[in-house]
1. Just one of the numbered conditions (1) in contact (Cβ under 8 Å) with a residue 24 or more places away in the chain; (2) out of contact with any Ser or Thr (no Cβ under 8 Å at 6 or more places or on another chain) is not true of Asp75; which one?
2. I want to confirm something. Restricting to the range 100-129 and keeping residues that are farther than 20 Å from Leu18 by Cβ and modelled with pLDDT of 95 or more, which single residue is surrounded by the fewest Cβ atoms within 10 Å (Cβ to Cβ)?
3. Filter the range 100-123 down to the residues that are in a strand (DSSP E or B) and in contact with a His (Cβ under 9 Å, 6 or more places away or on another chain), then identify the one that is nearest to Val79 (Cα to Cα).
4. Out of the residues in the range 15-33 that are outside any helix (DSSP H, G or I) and in contact with an Asp or Glu (Cβ under 9 Å, 6 or more places away or on another chain), state the one that is surrounded by the fewest Cβ atoms within 10 Å (Cβ to Cβ).
5. What are the residues in the range 10-48 that are without any contact (Cβ under 8 Å) to a residue 60 or more places away in the chain, touching a strand residue (DSSP E or B) at 6+ places or on another chain (Cβ under 7 Å) and within 23 Å of Ala98 (Cα to Cα), if any?
6. Could you say which residue among Lys78, Lys65, Lys42, Lys51 is exposed (fewer than 14 other Cβ atoms within 10 Å of the Cβ) and not acidic (Asp, Glu)?
Amino acid sequence: MSVTQSYEERIRFANDELINKGKTAAVEEYFTETYVAYAEDKKYEGHAFAKRYIKQLHKAIGKIKIEKITFLSHDENKVTWQRKVSGVHQADMKGIPASGKKVVWHDMVVSRFEGEKIAEDWCNSELKGELLVKVPKG
């Protein structure tokens with residue numbers, strides 16, 4: 001098995017454990033201790049952040065599941081990939097009140113690996129926009 005395949009498998013397994021199953025204990029298995037995520041012009045660090053985010057996501061988005069993961073490019077230690085995610089907006093998230101409606105969004109991610117673990121992610125997500133579109137108009 002090539003390193004590229006190994007990275008793709010790790011990304012698939014991490015998404016299944018964390019997003020589909022909500023197993024925050026798996027964070028240590030898939031991310032380095034010095035993990036950094038870049039999203040919405042902000043920098044987020046560490047296992048504690050990753051666990052909080054997964055819990056927040058599962059609380060706000062019921063029946064959450066990864067619909068599809070597409071791998072776009074690879075180099076020595078980076079993988080560019082996209083995921084399609086769906087669920088039901090059941091609780092406040094990012095200051096956006098629950099709509100009770102199904103939401104479907106895409107995340108574009110570049111993951112940099114150190115060994116078998118993800119050290120950095122750069123993520124561009126449609127989630128916030130999708131939540132805003134579903135908010136009932138007052």
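1. (1)
2. Gly100
3. So, considering only residues that are in a strand (DSSP E or B) and in contact with a His (Cβ under 9 Å, 6 or more places away or on another chain), the one nearest to Val79 (Cα to Cα) is Val103.
4. Filtering the range 15-33 for residues that are outside any helix (DSSP H, G or I) and in contact with an Asp or Glu (Cβ under 9 Å, 6 or more places away or on another chain), the one surrounded by the fewest Cβ atoms within 10 Å (Cβ to Cβ) comes out as Lys23.
5. If the condition is that a residue be without any contact (Cβ under 8 Å) to a residue 60 or more places away in the chain, touching a strand residue (DSSP E or B) at 6+ places or on another chain (Cβ under 7 Å) and within 23 Å of Ala98 (Cα to Cα), then Asn20 is the only one that fits.
6. Result of the check over Lys78, Lys65, Lys42, Lys51: Lys42.
Table: residues versus (1) assigned to a loop (DSSP other than H, G, I, E, B); (2) buried (at least 17 other Cβ atoms within 10 Å of the Cβ); (3) modelled with pLDDT of 95 or more; (4) in contact with a Cys (Cβ under 8 Å, 6 or more places away or on another chain).
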| position | (1), (2), (3), (4) |
| --- | --- |
| Ala37 | no, yes, yes, yes |
| Lys84 | no, no, yes, no |
| Ala91 | yes, no, yes, no |
| Leu131 | no, yes, no, no |
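The values are calculated or read from the model by the stated rules, or taken from the named source; none is laboratory data. Worth saying up front: this structure is predicted, and the values here are computed from it rather than measured. With ideal geometry, Cβ positions are generated from the backbone for all residues, glycine too; neighbour counts draw on all protein chains shown.
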